[in-house]
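Each remark here refers to the structure printed beneath this line.
The values are calculated or read from the model by the stated rules, or taken from the named source; none is laboratory data. Here the structure is a predicted model, which means the values were calculated and not measured. All Cβ positions, glycine included, derive from the backbone under ideal geometry; neighbour counts span all protein chains shown. Heavy atoms of the whole protein, side chains included, go into the accessibility calculation; ligands, DNA and RNA do not. Shrake-Rupley method; radii C 1.70, N 1.55, O 1.52, S 1.80 Å.
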Amino acid sequence: MRWVLELLFAVLLVALAIYAMTLLPRSPVSTTMGRQDVETAYNTLLQLSLSPTFLNALDSAICSGSPAAVKSALDSLIPQSYIYNFTVYLAGGSPPPCLVCATWNQKLLSVARPTGWGGSASSSSAAVSAVLPDGTQVKIVLYVARP
């Protein structure tokens with residue numbers, strides 16, 4: 001009977017130690033890495049939203065359904081040490097001419113590395129608004145994380 005009490009006491013001590021570790025503040029290194037991830041996301045989105053070449057590629061990818069040019073541009077800008085999800089939503093009242101029936105906040109395009117990754121709560125995100133060459137207002141969201 002005594003060994004059962006000792007085992008229970010040991011389990012209680014381990015649980016208490018784990019609980020105490022979760023209450024500790026985040027280390028400066030992990031905080032800095034989180035800031036770098038957010039900075040990477042915003043810098044990438046700002047570069048892309050100001051590039052007429054990328055906006056033309058994005059416009060044609062939305063209408064053609066073939067995001068190869070968008071994915072290659074993202075792969076060249078976002079370091080290989082990150083995984084990402086790049087999603088474009090309709091933000092204005094007028095949809096692109098090729099998607100006349102699209103509604104506000106509808107997902108128009110999504111590209112990810114690795115394919116299918118949808119972003120998560122633990123990833124850093126950035127969002128910007130942009131106007132495509134055809135006049136369509138979109139909201140672009142980029143999630144980045146370290147694998």
Under the 7 Å Cα-to-Cβ spin-label approximation, V4 and C63 lie apart by a distance in nanometres of 7.6 nm
Simple SL model, points at 7 angstrom along Cα→Cβ for L16 and N105; separation in nm is 4.8 nm
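Just to make sure I understand: if all protein chains stay in place, what is the order of Y84, Y19, Y42 by accessible area at 1.4 Å, largest first?
So, going from the largest accessible area down, we get Y19, Y42, Y84.
If packing is taken as the average number of other Cβ atoms within 10 Å across a peptide's residues, how do 57-70, 94-107 rank, most packed first?
Per-residue Cβ counts within 10 Å, averaged per peptide and sorted highest first, yield 57-70, 94-107.
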Tell me, for the chain, which Cys residues have no other cysteine's C-beta sitting closer than 4.7 Å. C101
Neighbourhood net charge (14 Å Cβ-Cβ; Lys/Arg +1, Asp/Glu -1) for V111: +2
Give me the extension gain from R146 to V128: residue separation times 0.36 nm, minus the current Cα-Cα distance, reported in nm with one decimal. 4.3 nm
FRET efficiency for N43 and S120, using Cβ-Cβ distance with R0 set to 25 Å, rounded to 0.05: 0.75
Can you check what the net charge comes to around T87, using other residues whose Cβ is under 15 Å from the Cβ of T87 (Lys, Arg +1; Asp, Glu -1)? +4
Suppose all protein chains stay in the model; what accessible area per residue would a 1.4 Å probe give for the chain, in Å²? 61 Å²
Among Q36, A15, S51, the residue whose Cα sits farthest towards the positive end of the charge dipole of the chain (+1 at Cβ of Lys and Arg, -1 at Cβ of Asp and Glu, taken about the Cα centre) is A15
Report, to the nearest whole %, how much of the accessible area of the chain belongs to carbon and sulfur atoms, 1.4 Å probe, protein only. 65 percent
